[in-house]
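See below for the structure under consideration.
All of the numbers you see were taken from the coordinates with simple rules; none came from a lab. Because the structure is predicted, anything quoted here is derived from the model rather than measured. A quick note on method: Cβ atoms are made from the backbone with ideal geometry, for glycine too, and the neighbour counts reach across all protein chains shown.
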2 protein chains.
Amino acid sequence: MLIGKQSWVFQNKPVILETGVTGGPFESNGALPEDFDLLYDDLWMAQDSYEKAHRLLMEKAVEIVLQKGNIQKEDIQFFLAGDLTNQITPTSFAARTNAIPYFGLYGACSTSMEGLALASFIVNYKGAHQVLTGASSHNAAAERQFRYPTEYGGQKPPTAQWTITGAGVALVARSEGLTGQFPYAVSATIGKVIDMGLKDPFNMGGAMAPAAVDTILAHFEDTGLTPDDYDLIVTGDLGEVGRETAYDLLQQQGCLMDKEKFQDCGLLIFKPDQPVLAGGSGAGCSAVVLYGHLLNEMKKGKYQKILVVATGALLSPLSVQQKDSIPCIAHAVAIEYGTVC
Amino acid sequence: MLIGKQSWVFQNKPVILETGVTGGPFESNGALPEDFDLLYDDLWMAQDSYEKAHRLLMEKAVEIVLQKGNIQKEDIQFFLAGDLTNQITPTSFAARTNAIPYFGLYGACSTSMEGLALASFIVNYKGAHQVLTGASSHNAAAERQFRYPTEYGGQKPPTAQWTITGAGVALVARSEGLTGQFPYAVSATIGKVIDMGLKDPFNMGGAMAPAAVDTILAHFEDTGLTPDDYDLIVTGDLGEVGRETAYDLLQQQGCLMDKEKFQDCGLLIFKPDQPVLAGGSGAGCSAVVLYGHLLNEMKKGKYQKILVVATGALLSPLSVQQKDSIPCIAHAVAIEYGTVC
């Protein structure tokens, strides 16, 4: 149901019943290796291109969900997913493999919550018994497409971010008849494109921060909630620069919270001593941290209510070459952990 | 509501209340110029790149919907749209201009019906009062990205298709309180990725035909309907080769209809003597033909019930270079014309 201008509430508590999370070598050595279901120790993953490795990350994440949940893919109605690659081929090829009716999404690094919002809406209104949704990225595939081939050894400023290698997939299902405790989607706020005129593709966190702030403020206005209603408000991949900027902007707007409550998936995923510049990014970043680490923490009792705000920079190499500024977007989904029936 | 395996029915009759359709010079000289709201007589459209012209096509189509419907953009909750360009920048930049909360979609040339299916579902369940959905393409932007720069003068085989220049946008709204007759969405069938191993990017119609057939058969199985229940079954951009193939495959599967009933937007849009090889294609193709010509024909009484099956080839130039075959998909939406309250 629409509430306010741009938010939905999900009265029927669509449940995140199972998840699958895959990652690469940097993630193995990161801060959260135990929250992955499968980690590859090299970027090639026995494939003959990085793009095929990227596809494999998504295929395996889907496979893991099915295995863990003991679910047949025929019992899943839809697959809503996307990535950052031109024409989102890794996701579409994974959709060919799983053969589940498919909605391709493009929201850059906001894709994870674009997908979870739509999946929750569809399941909430019985448009499906259960659906899969997710997002993925691959560092080397992204580097050569968006920046330079890794072998070129190009220098980057400290504001640049490190595309994570990984895929996160969630099975969203109806709550009817489920006993026990589960994470479930409570509401979602869909973002507008915000562009403050920034043009530096090596400072995406700074460019995306205003979009995150716009969506967070819209969420609170639409729902009547405040930061006090959440145990954690976590952005997708603002990194160090973007997190600081977003926190300051929120404070300026009177949206006050302890800084500890305002985290970023791009900072959570890596150790401080890893050479990832301002932090992790990529369409997979918020997907793997939410569907791995954060849901595990909810199950352990650390958080009961969280707001996940996936942030996306909707640029392309061509739009940068044509001197366009960077249009950004953020979508938020509120998730609670508890009984659903 | 889910019916069968992969279809929705929309009991509340989400209405296509208004449309905006823009096109370029080839479309001006095509078979349906009177069904466009705005036609540009050159491909540059006073912009300094084809990609910016592409963005303009979508921006203007949205503007036209708002003007024709006398609607403020603030009264529209969501914009669901996409195109074929890398990172769908023309659509995302248009979303920046209209500032409506935005779901970016990627379904290649199936995007139009992916968007209309989701828009109809959202409006049907009161996730919005009204939403915009659409798709667009630009011949020269697509040529240089997917094939060769036009100036190179590369030869193409007669199975190749001609990306149309245009954008089609629909305003989908709740039917409550509307008097009079309108086109409205009745049901939708979401396609699986189908890949028969074809690798020739200059014969996309042939590659996509099995996906169209799969979705059409799924639609009839899920809904219990037959071709007799429709006045027209129209594919997105199969072109001459794909239409023949799809019609043959349907006949082999026992799905029989007059060939006259089985049309293709890529063949309807151009005159037979235009040099467009096997016919039109592109994400805008089914969008402009449906939201322009076909809805006009429905209003004139030619058709009362149609099934629109937008077809997409989910390849990329890189996937072709890496010798992958072409994964294809098709999404169908059934539209009726009549009273809604």
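Our compactness index for the stretch A:1-148, the C-alpha radius of gyration over the empirical 2.2 N^0.38 Å, is 1.07.
Before rounding to the nearest 500, sum -39500 (n - 2.57) across all DSSP H runs of length at least 4 in chain A and divide by the residue total; then give [θ] at 222 nm in deg cm²/dmol. After summing the helix terms and dividing by residue count, I get -9500 deg cm²/dmol.
The charge dipole of chain B, taken about its Cα centre with unit charges on the Cβ of Lys, Arg, Asp and Glu (plus for the first two, minus for the last two), comes to roughly 520 debye. Ellipsoid fit via the Cα gyration tensor, the stretch A:220-300: semi-axes of 22, 17, 10 Å, each the root of five times an eigenvalue, largest first.
Provide A:L256, A:L217, A:L56 in ascending order of the number of other Cβ atoms located within 10 Å of each residue's Cβ, fewest first.
Listed from fewest to most nearby Cβ atoms, that is A:L256, A:L217, A:L56.
The phi torsions of the stretch B:276-293, fed into the Karplus equation with coefficients 6.51, -1.76 and 1.60 and a -60° offset, translate into couplings of 10, 6, 7, x, x, 7, x, 4, x, 4, 5, 5, 6, 5, 5, 6, x, 4 Hz, rounded to whole numbers, with Gly and Pro shown as x.
Return the Rg/Rh ratio of the protein assembly as shown with Cα-based radii and a Kirkwood Rh.
Computed over Cα atoms, the ratio is 0.95.
Look at A:E27, B:E244, B:E221 and count the other Cβ atoms within 10 Å of each Cβ; fewest to most, that gives B:E221, B:E244, A:E27. Peptides A:320-329, B:141-150, B:73-82 ranked from most to least packed, by the mean per-residue count of other Cβ atoms within 10 Å: B:73-82, A:320-329, B:141-150. Take each residue of peptide B:190-198, count the partner chain Cβ atoms within 10 Å of its Cβ, and average: the result is 5. Taking amide H atoms as placed 1.01 Å from N in the peptide plane, the amide H of A:Q304 lies under 5 Å from those of A:D231, each 5 or more residues away in sequence or on another chain. Neighbours of B:T111, meaning other residues whose beta-carbon lies under 15 angstrom from its beta-carbon, give a summed charge of -4 when Lys and Arg score +1 and Asp and Glu score -1.
Taking a ≥ b ≥ c as the square roots of the eigenvalues of the Cα gyration tensor, an a/c ratio of 1.5 or more together with a/b no larger than b/c marks the stretch A:158-277 as oblate. Contact order for the stretch A:97-255, expressed relative to its length and based on alpha carbon pairs under 8 Å spaced 6+ residues apart, stands at 20 percent.
For B:E18, the residues 5 or more places off, or on other chains, whose built amide H falls under 5 Å of its own are B:L171.
Taking beta carbons within 10 Å but only from partner chains, what does the mean come to for residues A:68-80? Working shown, then result.
Working: counts 0, 0, 0, 0, 0, 0, 1, 1, 0, 7, 4, 3, 2.
Mean partner-chain Cβ count within 10 Å for A:68-80: 1.
Each part gets one Cα centre, and for the stretch A:1-71 versus the stretch A:124-158 those centres are 12 Å apart. A point 7 Å from Cα along Cα→Cβ stands in for A:Q253, and the other copies hold the same point at 4.8 nm, listed in rising order.
What does the charge count near A:G280 come to, summing +1 for each Lys or Arg and -1 for each Asp or Glu among other residues with Cβ under 13 Å from its Cβ? Let's see the in-between values first.
On the way: positive: A:R243, A:K271; negative: A:E27, A:D237, A:E240, A:D264.
Net charge in that neighbourhood comes out at -2.
Peptide B:310-317 is shielded by partner chain Cβ atoms: per residue, an average of 4 of them sit within 10 Å of its Cβ. Here B:L225 yields copy-to-copy label distances, from shortest upward, of 3.9 nm, the label point defined as 7 Å from Cα along Cα to C-beta. With a simple spin-label model that places each label point 7 Å from the Cα along the Cα-to-Cβ direction, the separation between B:E34 and A:D75 comes to 5.6 nm. The spacing between the stretch A:254-288 and the stretch B:176-244, judged by their C-alpha centroids, is 43 Å. With the label put 7 angstrom out from Cα along the Cα-to-Cβ vector, B:T339 ends up 4.9 nm from the copy partners, going from closest to farthest. Here the protein assembly as shown is treated with +1 on each Lys and Arg Cβ and -1 on each Asp and Glu Cβ, and its dipole about the Cα centre works out to around 400 debye. Only counting other Cβ atoms within 10 Å, I'd like B:C341, A:C109 sorted with the fewest neighbours first. Result, fewest neighbours first: B:C341, A:C109.
Near A:V169, within a Cβ-to-Cβ distance under 11 Å, what is the net charge of the other residues, with Lys and Arg +1 and Asp and Glu -1? After counting each charged neighbour, the total is -2.
For B:T235, the amide hydrogen comes within under 5 Å of the amide hydrogens of B:Q263, B:D264, B:C265, B:V309, counting only partners 5 or more places away or on other chains and with H modelled in the peptide plane.
With the charge dipole of chain B set up from +1 on Lys and Arg Cβ and -1 on Asp and Glu Cβ about the Cα centre, the Cα lying farthest toward the positive end among the listed residues B:A330, B:Q77, B:Y40 is that of B:Q77. Per-residue Karplus couplings for the stretch B:189-200, computed as 6.51 cos²θ - 1.76 cosθ + 1.60 with θ equal to phi - 60°, are listed in order as 10, 8, x, 8, 6, 10, 9, 8, x, 6, 10, 8 Hz, Gly and Pro entered as x. Working note: Karplus 6.51/-1.76/1.60 with θ = phi - 60° gives the stretch B:30-44 the couplings x, 7, 10, x, 6, 8, 9, 7, 8, 10, 8, 9, 9, 6, 7 Hz, where Gly and Pro are set to x.
How do the peptides A:245-255, B:278-288, B:92-102 rank, highest first, by the average count of neighbouring beta carbon atoms within 10 Å per residue? Show your work: numbers first, answer last.
Working: A:245-255: 16.2, B:278-288: 34.5, B:92-102: 24.2.
By packing density, highest mean first, the sequence is B:278-288, B:92-102, A:245-255.
When the listed pairs A:K300/B:K5; B:K13/B:K302; B:K73/B:K126; A:K192/A:K299; A:K5/B:K305; A:K60/B:K192 are checked against a 27 Å cut-off, the alpha-carbon distance exceeds it for A:K300/B:K5; A:K192/A:K299; A:K5/B:K305.
If you average 1/r over every pair of different alpha-carbon atoms in chain A and take one over that average, what Kirkwood value in Å do you get?
Values: mean 1/r = 0.0516 Å⁻¹.
Result for chain A, one decimal place: 19.4 Å.
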